[in-house]
Amino acid sequence: MTTSGRPSFRPASLAPETTPEGKTPRHKYEPAQIEPVWRSRWKKSKLFEVRDPKPGELVDKYYVLEMLPYPSGRIHMGHVRNYSIGDVIARFQRMRGKHVLHPMGWDAFGMPAENAAIERGRHPADWTHENIATMRAQLEPLGFSYDWSRELATCEPEYYKWEQLIFTRMMEKGLAYKKSAIANWCTRCETVLANEQVEDGKCWRCGSEVQQRELDQWFLRITRYADELLEGLEALKGGWPDQVLAMQRNWIGKSFGARIRFLLGDETKKVAGDASADGLDVFTTRADTLLGVTFVTVAPEHPLARAAATSGPNAAAVQAFVQKMSKLRDLDRAADDAPKDGVFTGLHVKHPLTGAEVPVWVGSFVLMGYGTGAVMAVPAHDSRDFAFAKQHGLPIKVVIKPALPAGAPAPDAATMTEAFTEYGVMFGSGEFDGRPSDEGKKLVAAKLAAMKLGEETTSYRLRDWLVSRQRYWGCPIPVVYGEDGVAMPVPENELPVLLPRDVQITGEGGSPLVRHPTFSKAKDPRDPSKPARRETDTFDTFWESSWYFLRYCSPHYDKGPFDPEVAGAWMPVDQYIGGIEHAVMHLLYARFFHKVLIDLGFLPRGAAREPFKSLLTQGMVCMQTSYVKDAKGMPLWLYPEQVDENGKARAPGYEGLPVETGRVEKMSKSKKNVVDPDAMVAKYGADTVRIFMLFASPPEAELVWSEAGIEGAYRFLSRVFRTIRDILALPKTAPAIEPSGEATALRCKLHQTLQRVTTDIGERRQFNTAISAMMELVNELVPATAKVAAGTPSPGLVDALKESAELLVQMLSPFAPHLADELWSTMEGEGFLLARAWPKVDEDAAREDHVEIGVQINGKVRGRIRVAKDATEETALALAREEASIAAHLGDKKPKKVVYVAGRILNVIV
RNA sequence: GCCGAAGUGGCGGAAUCGGCAGACGCCCCCGAUUCAAAAUCGGGUACCCGAAAGGGUGUGUGGGUUCAAGUCCCACCUUCGGCACCA
């Protein structure tokens, strides 16, 4: 474990230090002695339980929420960091007099439970419940202020029953629907995935290849909310990180353009049949280039391409091409350097303005999932169309030329080597000649609209959310199919559709629910005498996390998913904290759900439409990797405890081998660069672990775990402990009528510290600087205490020290709650600090009337002077001249100009 | 390619409104204490020149605005993150 090369020390297990006289001192900072005591007192007094606001009651509420964990087996340092941040905020807000909701629960459905079943023969329910018990027990020693009476696990019927109800309501409103579509299929997980869950063509969870399959699946109409989800981001500015807002904006991908209709030629009409009866629609953002169209290109999956493949004049070639494309992996088709393959359909459409015959091609680069699945090709002004035209020898027609400089020549179609994609001035476009592009876009769209051949429109990248999963360990989709194939919601009084326990989980042959003897057998709700088939798919587990924050508001409510009044009173979440990895998926789904739940009447109409007012995305917890090289020079990763003090391995089989130091990476089991929270708490105590997590980096940045760093955190708390012990031991002195300068200065520092800590937690959410402010204070308390103990204290100093001890303990309590309550109990303090009000800053004491300011000569600092904060320029200048270092530079030169900002700077220009 | 964030000592980082760059911590060095060590306490610690006093340089690079720039403006470089044949 030791990385610093010297033996690590173990405070909790050390024998008590001895004094020269051989006596055991009464007090020593021993977290293992302090912490369990306080946690049991907190628990006994139900300190963290919070009652719901009564109807109509005006409470100053504050909802702090940390993203709900998946019960994977053990807590890791990333969790500890997340929850330490949340706990500081929760405790601080409570002390500030807020009515704080701070819950915790478990995101209990999901794939790993099924994998455990396959690998270890454990039932997913048992595995999950055991993990929850383990992780809850691991969280306990950290002293987080959760209201455990609100704990929930999403795999319980009391929870998922309500999402089944929500689903049936969504069906009624057309927000949930079933369609056959080309879906992302993960071969390893044997299930479909939503678009958001495909990263780089691979499954977000297991990293294996994703294929395209056409399947009948349930979707949620998130696209109906695309505009609101986009516009809602505006209101979140300031509260959410820019990065997350940008990622969501990106994902929604709204673009303005026009839908343009190309009517079909006669022979094309015959081939197309029903497929494109009304003509071929394309989407473009550059309607100004319409007169530069030399062909149109459709996606291989486009109905017209399919029609052309069966009965078109070039059917054989089209058929071959379409088949080839369907076999290509999406990743290859979308690759940057993928060739612009295509084939001519033999069909033609009519140009909406000129009526000219325009050939229809099928192109590999056209995506069925975006716009209309067909594009008008303007090779002169679109780089993809340009490449396609060059590759297939298609004509190029230039219709836009640069606007600046005036009279600049248009690109030459014969010699241009790349498309001219910038905006410019239209030409070769009849009545539109001379118009700038942006104006032209509107004019062309308007003309088409008048001809009923097009209109301005918007297009989104966002697709509807595919929620069916062919998995066992999830919430059953509450649907039955009649003999006629009609899909019907399970009637409300029959909910929940329980997930059966008696299943064989083998990992083969698809979902165990399909093979279950009775699960799929149901009755037709229209006529119970007729049989029906029950849906065997379960929900995407992002369902559960899309509304859990509402369930926490009234976790035992049994008349609906949550009590609308109570949820209305608690929501929105004031501070949400979690990992950046959920920037798109979870946070987009949850925003969508919250809006839907209001619109379905589950929440009061007037509820805030955005569920999370403020979002903090904490950085990853990282650690140096260590390894030895095997015979082939490949790294064999080592756990930190497998490296001894001399940099040699002590892993079995590699004893004594020299250890190489690898990169600093996110803590992961595969690289073995992990430390166990349990072990760290046992070694240093929870308070130290928490302080280190918050001090080492600002919350949004990555945090590098270091043994030396956590020892520093332990040292700080020990110092606090000793100093306060020593201050309390000082004999009381008579109140000072005229406090000494020393005493006044200390009180000033004290209240400035309190001020800083208050704004750092409450407004800036920057905990590292709050802790460093307290460290500075302690650095002043230590020598002052020693000085008082050694001699006669100056008037008021003892009082100032005692006040410092009291306030410091209160400031520290959100960070190191056990130690703070312990120290508080040794003062005259009563009860728990959490139940006390956050201390008030003594503004008068914090105000400094004299400050040290820098004196610059020609902008360079040459000395510093101590002046009254409101001193005049003359006073400051006179004082500066007395300073030898400044006088030397100033000589007897006359100042040309003097800039003086009271309390900040004096700059003399000579 | 587009969007976003960030570049500050040996390291993590601070500087909140344009006003003394490097707070606080780690590492390292010196001293006190100790039989000795640990712990603790005190001191030092951006870089360069200098014995010192002192001087010079310095917040990714190059310009600019200003009495004054880590902070504002312009151009660029690098790193990280997201999206990406999105029409």
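The values are calculated or read from the model by the stated rules, or taken from the named source; none is laboratory data. A quick note: this is a predicted structure, and the numbers were derived from the prediction, not measured. Here the Cβ is made from the backbone with ideal geometry for all residues, glycine too, and neighbour counts use every protein chain on show. Just so you know, the surface numbers come from the protein's heavy atoms only, side chains and all, with ligands and any DNA or RNA stripped out. Shrake-Rupley method; radii C 1.70, N 1.55, O 1.52, S 1.80 Å.
Taking the listed residues A:VAL908, A:VAL851, A:VAL898, the one that is surrounded by 17 or more Cβ atoms within 10 Å (Cβ to Cβ) and not in a loop (DSSP other than H, G, I, E, B) is A:VAL908, with no other qualifying. Of the residues making up segment A:478-536, those that are of a type in the set (Asp, Glu) and either closer than 30 Å to A:GLU119 by Cα or within 39 Å of the chain's Cα centre (by Cα) (or both) are A:GLU492, A:GLU494, A:ASP502, A:GLU508, A:GLU535. The one condition from (1) at pLDDT 90 or above; (2) assigned to a loop (DSSP other than H, G, I, E, B); (3) open to solvent by 70 Å² or more (accessible area, probe 1.4 Å); (4) not aliphatic (A, V, I, L, M) that A:ARG384 does not meet is (2). Note on segment A:776-790: among residues that are open to solvent by less than 40 Å² (accessible area, probe 1.4 Å) and of a type outside the set (Ser, Thr, Tyr), the one that is nearest to RNA strand B (Cβ to nearest atom) is A:VAL778. A single member of A:GLU843, A:GLU806 is more than 14 Å from RNA strand B (Cβ to nearest atom) and under 24 Å from A:SER45 (Cα atoms), and it is A:GLU806.
Of the residues making up segment A:573-624, just one is touching a Gly at 6+ places or on another chain (Cβ under 6 Å), outside any loop (DSSP other than H, G, I, E, B) and more than 16 Å from RNA strand B (Cβ to nearest atom), namely A:ILE577. Is there a residue in segment A:120-131 that is in contact (Cβ under 8 Å) with a residue 60 or more places away in the chain, in a helix (DSSP H, G or I) and not assigned by TED's automatic domain parsing to the domain that holds A:TYR557? Taking every residue of segment A:120-131 in turn, none turns out to be in contact (Cβ under 8 Å) with a residue 60 or more places away in the chain, in a helix (DSSP H, G or I) and not assigned by TED's automatic domain parsing to the domain that holds A:TYR557. Just to be sure before I move on: is A:ALA445 modelled with pLDDT under 90, touching a strand residue (DSSP E or B) at 6+ places or on another chain (Cβ under 7 Å), among the aliphatic types (A, V, I, L, M) and outside any strand (DSSP E or B) in the structure I sent? When the stated conditions are applied, A:ALA445 does not pass them. Looking only at residues in segment A:224-262 that are more than 10 Å from RNA strand B (Cβ to nearest atom) and surrounded by fewer than 16 Cβ atoms within 10 Å (Cβ to Cβ), the one that is farthest from A:SER437 (Cα to Cα) is A:GLY238. Evaluate segment A:750-766: report whether one residue or more is farther than 20 Å from A:ILE691 by Cα, assigned to a helix (DSSP H, G or I), within 12 Å of RNA strand B (Cβ to nearest atom) and open to solvent by 40 Å² or more (accessible area, probe 1.4 Å). Within segment A:750-766, one or more residues are farther than 20 Å from A:ILE691 by Cα, assigned to a helix (DSSP H, G or I), within 12 Å of RNA strand B (Cβ to nearest atom) and open to solvent by 40 Å² or more (accessible area, probe 1.4 Å). When the residues of segment A:854-884 are filtered to those that are over 27 Å from A:CYS748 (Cβ atoms) and within 14 Å of RNA strand B (Cβ to nearest atom), the one that is most open to solvent (accessible area, probe 1.4 Å) is A:LYS860. Looking across segment A:263-284 at every residue that is among the β-branched types (Val, Ile, Thr) and near RNA strand B (Cβ under 10 Å from one of its atoms), the one that is farthest from A:ALA309 (Cα to Cα) is identified as A:THR284. Of the residues screened, A:VAL318 is not one that is surrounded by 13 or more Cβ atoms within 10 Å (Cβ to Cβ), modelled with pLDDT under 90, away from RNA strand B (no atom under 16 Å from the Cβ) and more than 30 Å from A:GLY207 (Cα to Cα).
Annotation note: of A:GLY829, A:GLY903, the sole residue that is under 21 Å from A:PHE721 (Cβ atoms), part of a loop (DSSP other than H, G, I, E, B) and either among the aliphatic types (A, V, I, L, M) or open to solvent by less than 50 Å² (accessible area, probe 1.4 Å) (or both) is A:GLY829.
Taking the numbered list (1) open to solvent by less than 50 Å² (accessible area, probe 1.4 Å); (2) not in a helix (DSSP H, G or I) in turn, A:ALA770 passes all entries but (2). Within segment A:41-59, the residues that satisfy the criterion of being part of a loop (DSSP other than H, G, I, E, B) and either polar (S, T, N, Q) or more than 30 Å from A:TRP543 (Cα to Cα) (or both) are A:SER45, A:LYS46, A:LEU47, A:GLY56, A:GLU57, A:LEU58, A:VAL59. For segment A:212-223, the set of residues classified as within 16 Å of RNA strand B (Cβ to nearest atom) and at pLDDT below 85 consists of A:GLN212 only.
Step by step: first the residues of segment A:190-205, then only those that are part of a loop (DSSP other than H, G, I, E, B) and within 16 Å of RNA strand B (Cβ to nearest atom), then the one that is surrounded by the most Cβ atoms within 10 Å (Cβ to Cβ). Which residue is that? Looking at the filtered set, the residue picked out is A:ALA194. Pairs meeting the criteria (first residue in segment A:654-671 and in the same structural domain as A:TYR639 (by TED's automatic domain parsing) and in contact (Cβ under 8 Å) with a residue 40 or more places away in the chain, second residue hydroxyl-bearing (Ser, Thr, Tyr) and part of a strand (DSSP E or B), beta carbons under 8 Å, at least 6 apart or on different chains) are A:VAL664/A:THR625; A:GLU665/A:THR625; A:LYS671/A:THR625.
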